[in-house]
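The values are calculated or read from the model by the stated rules, or taken from the named source; none is laboratory data. Values in this document were obtained by computation on a predicted structure and should not be read as measured data. Here the Cβ positions follow ideal geometry from the backbone for every residue, glycine too, while neighbour counts run over all protein chains shown.
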Amino acid sequence: MSRITQLRQRHGIDRVIAHLQQCLRAGQPLPDLDALAAVAHQSPFHFHRLYRALTGETPGRTVARLRLLHALQLLSQADSRVTEVALSVGYESPQGLARACRQALDATPSALRADAQLRAHWQQRLSLPAGDADAMDVPLQVRVTTLEPFDVVVLRKRGAFDDLDQAFGQVFAWAAEQGLAEHLQQLVGIALNDHRDVPADACEFECGMGFGHALAGVPAPLRALTLGGGEYAVLRHVGSYAGLEEATDALLRQWLPDSGRALRDAPLYYHYLDDPEDVPEAILRADICVPLR
């Protein structure tokens, strides 16, 4: 049963890549994430994260890779023209194709058109997603458990991932003013996008604290939120909190396909168990909590 589930997830990703290739070849508009999730038979709620975990790249990077791969195929034709190739694969100008080739392939379109061996090298490199190389996965100690719902006060932080402590400090300062600081029970985070894939000023993160009971009248920009409730896959991460995204990828890539389970449309969150100001980075602990159905 687990092998069937694993193949279904892999085939879902293959369908997405084949669909993107078809759109590029036909010059059709590229589908949005919801449409790609439907092609993969996955929920849109976690599709971006699951896709990255299984392929090692974002859907946007897949499009860029396939666009270059298609360009190389067209450049191999004897009568190819750089301008026509650029427009055919979706660049607005030959300069756009030239920039992409220099940045990704360290070569100009003209050089790639003239050198069959160089083209073949890059066609092979671009033919597979970044995550299709053999990964050194280690066994994961994942437990499936039912988590009771709990209430937190969160503040949405937009900015560099390394500056999250400022947002947690703001929530704690408010709690101290309310006489709640000594009742702190949970310290949690919800990544709204992946800090590895977006510029620092576009990184969004919900920084939250729980105090053991629901709170009314939380002032903006703070807000109340309920987490937990239902079954979760929980993985204990030990080490720098900056490594939580990679550990989450491992759970989704290595454990989920073999589990026979699917993701539920609820937030995936991190439950921080240690304070980085008091505990050395190498032994920091956090639980990765992934909602299941």
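Of everything listed in (1) closer than 30 Å to Glu57 by Cα; (2) at pLDDT below 95; (3) in contact with a strand residue (DSSP E or B) (Cβ under 9 Å, 6 or more places away or on another chain), the single unmet condition for Gly260 is (3). Would you check if Gly210 is of a type outside the set (D, E, K, R), crowded, with 16+ Cβ neighbours inside 10 Å and over 15 Å from Ala167 (Cβ atoms)? Criteria met by Gly210.
Out of all the residues in segment 219-227, is one or more under 25 Å from Gln141 (Cβ atoms) and not β-branched (Val, Ile, Thr)?
Yes, some residue in segment 219-227 is under 25 Å from Gln141 (Cβ atoms) and not β-branched (Val, Ile, Thr).
Restricted to segment 35-61, and to residues that are in contact with a helix residue (DSSP H, G or I) (Cβ under 9 Å, 6 or more places away or on another chain) and more than 21 Å from Pro257 (Cα to Cα), which residue is modelled with the highest pLDDT? Here the answer is Ala35. The residues of segment 153-182 that are in a strand (DSSP E or B) and more than 24 Å from the chain's Cα centre (by Cα) amount to a single one, Val153. Residues that are at pLDDT below 95, outside any helix (DSSP H, G or I), surrounded by 14 or more Cβ atoms within 10 Å (Cβ to Cβ) and not aliphatic (A, V, I, L, M): does segment 7-24 have at least one? No, segment 7-24 contains no residue that is at pLDDT below 95, outside any helix (DSSP H, G or I), surrounded by 14 or more Cβ atoms within 10 Å (Cβ to Cβ) and not aliphatic (A, V, I, L, M).
Could you please let me know if Ala220 is within 20 Å of the chain's Cα centre (by Cα) and small (Gly, Ala, Ser)? In short, no. Only a single criterion out of (1) surrounded by fewer than 15 Cβ atoms within 10 Å (Cβ to Cβ); (2) closer than 14 Å to Val188 by Cα; (3) out of contact with any Lys or Arg (no Cβ under 8 Å at 6 or more places or on another chain) is not satisfied by Arg285, namely (3).
Please work out if Tyr232 is aromatic (Phe, Trp, Tyr) and at pLDDT 95 or above. Answer is yes for this residue.
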